[in-house]
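Below: the structure, in structure tokens.
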């Protein structure tokens, strides 16, 4: 199936590993022109036009990153907001400073990037925001992550409503636990909860499909929502969670 992405100018945040990296790879594989972004200066080498190094938790950095991406691409057709952070914690143990840090990275980086991208996207643009199952049903073990990811869902619907008349579509994707470094890596979410292998087995078994997602499975949904094949889809929160959240919407 031709997704109609050939030549589309795409900027993907948090795209040096995991879901973001797979999204950048798949977009490039569809013939899109891609700019990647991460804290480090090293490019992930997925055939991208350029790579932008930025700490998107800092005010001004998302705006600069979008401006650099648009300059490198000669405009912008697609924005994928994927950057984010999570850790296991008890609600009463999360300090105000950490709530603030999560809000800046998980929410305000999206707000700032969208705001900067809007002038480029008007006419036929697409925004996809990566949220989480924890945004639909809060995870008691990740309180600040859950609240910020719920905010991403509200932001996505808000932007869809505000800018549909300008030809801009905005959707969210809500992945469940995914086999990325965030879960599998040293000190990652699995190890934070005990024996790594036992935790991964338990978490996988807790999905109706019986396993964690792979990054490319989530990326496939993101890329579809970026594409012309999703031209009548906006304001949606697409679950890609193996059936984790037992609700219809």
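No value in this document is a laboratory result; all are computed from the given coordinates. Predicted model only: the values in this text are computed from it and were never measured. Cβ atoms come from the backbone with ideal geometry, glycine included; neighbour counts cover every protein chain shown.
I want to check the label-to-label distance for residue 214 and residue 228. Put each point 7 Å from Cα in the C-beta direction and report it in nm to one decimal.
2.9 nm
Calculate, in nm to one decimal, what residue 42 and residue 100 gain on full extension: separation in residues at 0.36 nm each, minus their alpha carbon distance.
Numbers: separation 58, 0.36 × 58 = 20.88 nm, distance 2.78 nm.
Between residue 42 and residue 100, full extension yields 18.1 nm more.
Can you give the Rg and Dmax of segment 104-168 based on its C-alpha atoms, in angstrom?
Cα radius of gyration and Dmax of segment 104-168 are 12.9, 41 Å respectively.
Using alpha carbon centroids, what distance separates segment 149-178 and segment 1-79, in Å?
After rounding, the separation between the Cα centres reads 18 Å.
Can you compute the FRET efficiency between residue 195 and residue 166 using 1/(1 + (r/R0)^6), with r the Cβ-Cβ distance and R0 = 45 Å? Round to the nearest 0.05.
Working: r = 51 Å, r/R0 = 1.13.
For R0 = 45 Å, the calculated efficiency reads 0.35.
Given just the C-alpha atoms of segment 1-41, how large is their convex hull per residue in cubic angstrom? Intermediate values should be presented prior to the final figure.
Details: hull volume 2.4 nm³, N = 41.
In segment 1-41, the Cα hull volume divided by residue count equals 59 Å³.
Measure nothing but the geometry: give the 0 to 90° angle between the long axis through the Cα atoms of 109-121 and the longest principal axis through the Cα atoms of the chain, rounded to 10°.
The two axes meet at around 20 degrees.
Based on the Kirkwood radius over alpha-carbon pairs, what is the Stokes-Einstein translational diffusion coefficient of segment 116-249 at 37 °C with 0.692 mPa s viscosity, in µm²/s? Present the calculation step by step, with values, prior to reporting the outcome.
Working: Rh = 15.7 Å.
Diffusion coefficient, whole number: 209 µm²/s.
Among 102, 232, 110, determine the one that fluctuates most according to a GNM of the chain built with springs between C-alpha atoms less than 10 Å apart.
Residue with maximal mean-square fluctuation among 102, 232, 110: 232.
Remind me, relative contact order of segment 34-77 in percent, using alpha carbon pairs under 8 angstrom and six or more residues apart?
Details: 59 pairs, mean separation 15.0, N = 44.
Contact order relative to length: 34 percent.
Relative contact order (percent) for segment 75-223, with alpha-carbon contacts under 8 angstrom and 6 or more residues of separation? Walk me through the numbers before you get to the answer.
Values: 213 pairs, mean separation 35.8, N = 149.
Computed over segment 75-223, the figure is 24 percent.
Label points 7 Å out from Cα along the Cβ direction at residue 85 and residue 247: separation in nm?
2.7 nm
Can you give the log10 of the normalised intensity I(q)/I(0) at q = 0.09, 0.11 Å⁻¹, computed with Debye over equal Cα scatterers of the chain?
Taken in order of the listed q values, log10 I(q)/I(0) reads -0.35, -0.53.
Would you work out the Kirkwood radius for segment 1-146? I mean one over the mean of 1/r across all pairs of different Cα atoms, in Å.
Numbers: mean 1/r = 0.0638 Å⁻¹.
In segment 1-146 this quantity evaluates to 15.7 Å.
Per residue, how big is the convex hull around the C-alpha atoms of segment 148-201? Give it to me in cubic angstrom, could you? Walk me through the numbers before you get to the answer.
Details: hull volume 4.9 nm³, N = 54.
For segment 148-201, the hull spanned by Cα atoms encloses 90 Å³ per residue.
Over the chain, what is the mean sequence separation of C-alpha contacts under 8 Å (at least six apart), divided by residue count, expressed as relative contact order in percent? Display every interim value, and only then the final one.
Numbers: 518 pairs, mean separation 48.6, N = 249.
Relative contact order, the chain: 20 percent.
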